[in-house]
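Undergrad: Here it is: the structure, laid out below.
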Amino acid sequence: MDARYKSRDIERRSLDVDGLKRSFLEWLVYSVGKDARAATRRDWFHTVALAVRDRVVDRWMDTTRSYYHEDAKRVYYLSLEFLIGRLLTNSLSNLGIMDECRQALDRLGLSMEDVVDAEPDAALGNGGLGRLAACFLDSMASQGLPGYGYGIRYEFGLFEQRFENGWQVEYPEQWLQFGNPWEFARPEVLYPVQFYGRVEEFRDSVGERAYRWVDADRVLAMAYDTPVVGYGGDTINTLRLWSARATRDFNFGHFNDGAYMKAVEQKILSENLSRVLYPNDATETGKELRLKQEYFFTSASLQDILRRYLQHHTSFDNLPNKAAIQLNDTHPAIGIAELMRLLVDQHALRWDNAWEITRATFAYTNHTLLPEALEAWPVRMIERVLPRHMQIIYEINAKFLNRTKAKAAGDNARLSRLSLIDERGERRVRMGNLAFLGSHKVNGVSALHTDLMKQTVFNDFHEEFPDRINNKTNGITPRRWLKQANPALSELITTRIGQGWISDLSQISALREKADDVVFREEFRRAKRKNKKRLAAYIARQTGEEVLVDSIFDVQVKRMHEYKRQLLNVLHTIALYNEMRDNPTVSWVPVTKIFAGKAAPSYHMAKLIIKLINDVAKVVNHDPSVHDNLKVVLLPNYNVTAAEIIIPAADLSEQISTAGMEASGTGNMKLALNGALTIGTLDGANVEIREHVGPDNIFIFGMTADEVNDLRATGGFNPREVIASNPSLKRALDMISTGAFSPDDRNRYHPIVQALTDGGDHFLVTADFADYCQAQDAAMQLYRDQEEWTRKAILNTANMGWFSSDRTVNEYAEEVWDVHPVHPNHEGEGYR
Ligand code: GPU
């Protein structure tokens, strides 16, 4: 090759300040098509992202090539959601060129913050489940594990939330509107995916019964790849997202009828498949389009996985030694029937052989016990949309139940619980049972959740397969959630214990001894204060509300859901407000209640709770009798970017779900790692957080999961009695029900009051109220002693090392996937 080009290529990838600056200018002019005078912030963001992407590509190809040459076992993480957030800071930080980039922009007269802020937040997920998938991608790449993410490239991510007159209103989130500089379109990576049609039986070449799926509609799945930069930049993995494309095989019958436009319309409609993310978190809607999305991305991913496998192999016997497929909840569980179909119908494997391979390849993660979230598709829908899969599911079920029948000795109730088909009412396919049966390992996401899985939803399956259920407590990536989100604290930590914690968070335990060091405590407080100032400015921008930086920042950020009990927090807020008004001469510890979170658009109760928080905020924030002692804010449009500002500034972390209902939680981990003290129930991973940070450094209150279970079982709970015996609770509820916060519509909150009283208070808000208030009081008293508070905050940060998603992913790698790190060979290319 021409030497001139070669040297230019190397310059394109140089990582020093001058090289970056030259490369920015070149990208701006030749790819974005603007000059420096005309460029907007968004143009600069695209410019910088493209230049950074350049510096990733060689290492990405090296990584992919190394996996190929070593024929390494890969893990495929199938997830309907990847809640990634912004990527610029993440890429720069993981490549280790943050400062160089800042200086290069500086020389161009640009601020790094402005450029970073021009990036849209990639919100291809609803909440914890999608963010976990994103943390796992970071951890797999950072540890050199050959891991691929597979999902859908939604054109519209999670809706944008705005408040209009205090009510949530949803707007489309057009993250792709101005293009996405991180992705590579792969128009040549295209797989057909079928729907509808019928199944034909025939005799194969050796006279055996065989099946083919005919007369089906087809769409194409087209790949878009995003490089996933591991920490240090050695391993660059791939997130492959599928987009629906119309096929070009026109129905010529329509042409002859002169129905050309009709044929084209059908084609266009088929692309709706990847248009929008369903906005329900931990609830199932049962919509046909959702089922089609699930099958669409699962089928395309499996075809891609088999194609990659067949590059090295001719028989499928080794598939489980070369591919581990992790099902992120049941959303991709139809993949079990799909792999059976591909192996049996397309590759002519014998059923039993195909089943053995399938089971050894798949593993399944359960993320909830909430019955309304357990997917169960109507048999009639699957029969229509995926007729061959329905047959396969019946066959799996018949073989399993036949084997089990012999042992079950006439226990028909047990057999009907184990069945893949729920026969009560409209017949449905239980996707959880299919996922369990088709996997060699099944896990929950915290110790408590895994135990409850064994006792409840999968009790019969656990007896049948006692070695299958295992626990993998969730984790979070310390790169995004400490290093990037909290530069003030991470720099402080690094000056004291070095930077080893970034790739090995267990090292953060070295901070424990610093908890007794007054100088360190002062610096730790200073970092927190800096973050609180940053959040206060953000709050002022977003809501117009001025909050006191020296108040307790009491933070509850998560999806709005009754089981997460934002209502319990609101009731305490009202009780505290009343106390402050009754006792104006007391010197109160000022409190700022900070809420953020989206409600599913069709979840009326959650939307009413949003309106209530906004109504309470209006009354409290404008009441001069409480001064600055109490402020309430509900920040709009909570997403990863907002979380990165809110979490580092929190003093108190609200993790107050009804015990037994939050599978794990991961926000609880992010907040504790950033030095917030948790006020929480013994639910999900809170239990393990308490074990790690120590019971003296966390505020635990409320009923345990066992107590909740007993109380519900005996039916002996009467919220009316509890309310009558607690004057402050009664007063708060009366205010809500008589319109103290809604003078314009005094009946507005009737459904909430109803749910907490005659409705039976299913989430036990009233039952936990008194204990919660005591824990809140204890927190407020402790906050008066800033030295003691800071000591505990430091101990929280220092003891959260185990909650790194690196640890979680390593456990999966060793105990579920059997995959091992590969060290890419970068010798062919000069990186620096
Ligand atoms: N979770 Br199911 C979601 O965010 N969405 C879902 O659809 C389902 C579960 C969450 C759990 O509620 C949360 O407790 C857990 O930490 C998270 O998944 C990741 O496991």
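Rule-based calculations on the coordinates, nothing more; no lab input. The structure presented is a predicted model; accordingly, all values stated were derived computationally and were not measured. All Cβ positions, glycine included, derive from the backbone under ideal geometry; neighbour counts span all protein chains shown.
Undergrad: Once you have the Cα-Cα distance between R720 and Y196, take 0.36 nm times their residue separation minus that, and quote the gain in nm to one decimal.
TA: Net length gain for the segment: 183.4 nm.
Undergrad: So which aspartates and glutamates pass the test for K407, namely a Cα distance under 19 Å, with those fewer than 8 places away in the same chain ruled out?
TA: D460, E463, E464, D467
Undergrad: Relative contact order of the chain, please, whole-number percent, based on alpha carbon pairs below 8 angstrom and at least 6 residues apart.
TA: Here the relative contact order equals 14 percent.
Undergrad: Hey, another quick one. Could you tally the net charge around P719, taking each other residue with its Cβ under 9 Å from the Cβ of P719, Lys/Arg +1 and Asp/Glu -1?
TA: That sum, taken over residues with Cβ under 9 Å, equals -2.
Undergrad: Can you list the HN-Hα couplings for segment 265-271, worked out from phi with the Karplus curve (6.51, -1.76, 1.60; θ = phi - 60°), rounded to whole Hz and with x for Gly and Pro?
TA: So the Karplus estimates, Gly and Pro as x, are 4, 4, 4, 5, 4, 5, 7 Hz.
Undergrad: Under the rule of at least 5 residues apart or a separate chain, name every residue whose amide H is placed under 5 Å from the amide H of I700.
TA: G680
Undergrad: How many percent of the alpha carbon pairs in segment 351-456 exceed a separation of 23 Å?
TA: Roughly 32 percent, once rounded to a whole number.
Undergrad: About its Cα centre, how strong a charge dipole does the chain have in debye, to the nearest 20, once Lys and Arg get +1 and Asp and Glu get -1 at the Cβ?
TA: I would put it at about 1220 debye.
Undergrad: Normalised by the residues of segment 116-256, what does the relative contact order come to in percent, with Cα pairs under 8 Å and at least six apart?
TA: Once normalised by length, the contact order is 26 percent.
Undergrad: Further, regarding this structure: Of the DSSP beta bridges with both residues in the chain, give the percent that are antiparallel, rounding to the nearest 5.
TA: The antiparallel proportion sits near 45 percent.
Undergrad: Now, a different point. Treat each spin label as a single point 7 Å out from the Cα along the C-beta direction, and report the D317 to D35 distance in nm.
TA: 6.9
Undergrad: While we're on this one: Spelling out what I want: for every residue of segment 719-733, take phi, set θ = phi - 60°, compute 6.51 cos²θ - 1.76 cosθ + 1.60 (Karplus), and round to whole Hz; glycine and proline get x.
TA: Values, residue by residue: x, 4, 5, 4, 5, 4, 8, 10, x, 6, 5, 4, 5, 4, 5 Hz.
Undergrad: Based on the Kirkwood radius over alpha-carbon pairs, what is the Stokes-Einstein translational diffusion coefficient of the chain at 25 °C with 0.890 mPa s viscosity, in µm²/s?
TA: 86
Undergrad: Follow-up. Whole number please: convex hull volume per residue of the Cα set in segment 485-582, in Å³?
TA: Here the figure is 169 Å³ per residue.
Undergrad: Could I ask something else about it? At each listed q (0.10, 0.20 Å⁻¹), what is the log10 of I(q)/I(0) that the Debye formula gives for segment 17-152 modelled as equal alpha-carbon point scatterers?
TA: One equal scatterer on each Cα of segment 17-152 leads to -0.40, -1.17.
Undergrad: Now, a different point. So what is the calculated 222 nm ellipticity per residue for the chain, using -39500 (n - 2.57) for each DSSP H run with n of 4 or more, over all residues, to the nearest 500 deg cm²/dmol?
TA: Helix-only estimate at 222 nm: -14000 deg cm²/dmol.
Undergrad: Taking a cut-off of 20 Å between Cα atoms, list the lysines near K611, but don't count ones fewer than 8 places away on the same chain.
TA: Once the sequence-local lysines are set aside, what remains near K611 is K558, K564, K593, K598, K631.
Undergrad: Continuing with the same structure: Report the gain in length on full extension from D710 to E522: 0.36 nm times residue separation, minus Cα-Cα distance, nm rounded to one decimal.
TA: Length gained between D710 and E522: 63.1 nm.
Undergrad: Given contacts defined as C-alpha pairs under 8 Å and at least six residues apart, what's the relative contact order of segment 569-716, whole-number percent?
TA: So the answer I get is 18 percent.
Undergrad: Can you sort R74, R417, R248 so the residue with the fewest Cβ neighbours within 10 Å comes first?
TA: R248, R417, R74
Undergrad: Let me ask you something else. Which of the trypsin sites (Lys or Arg not before Pro) found in segment 701-779 are loop residues per DSSP with 13 or fewer other Cβ atoms within 10 Å of their Cβ?
TA: The qualifying sites are R746.
Undergrad: Would you mind estimating how fast segment 533-601 diffuses translationally, via Stokes-Einstein at 4 °C and 1.567 mPa s with the Kirkwood radius over Cα pairs, in µm²/s?
TA: The calculation lands on 95 µm²/s.
Undergrad: Tell me, what ³J(HN,Hα) does each residue in segment 702-708 have, in order and in whole Hz, if you take phi through Karplus 6.51 cos²θ - 1.76 cosθ + 1.60 with θ = phi - 60° and put x for Gly and Pro?
TA: x, 6, 8, 4, 5, 5, 4
Undergrad: Another question, then. Can you pull out the GluC sites (Glu not before Pro) in segment 200-243 that DSSP calls coil and that have at most 14 other Cβ atoms within 10 Å?
TA: When the GluC sites (Glu not before Pro) of segment 200-243 are filtered for loop state and at most 14 Cβ neighbours within 10 Å, E208 remain.
Undergrad: Let me ask something additional. Starting from the Cα of E513, move 7 Å in the Cα-to-Cβ direction to define the label point; list residues of segment 465-499 whose amide nitrogen is under 13 Å from there.
TA: From segment 465-499, the list is 497.
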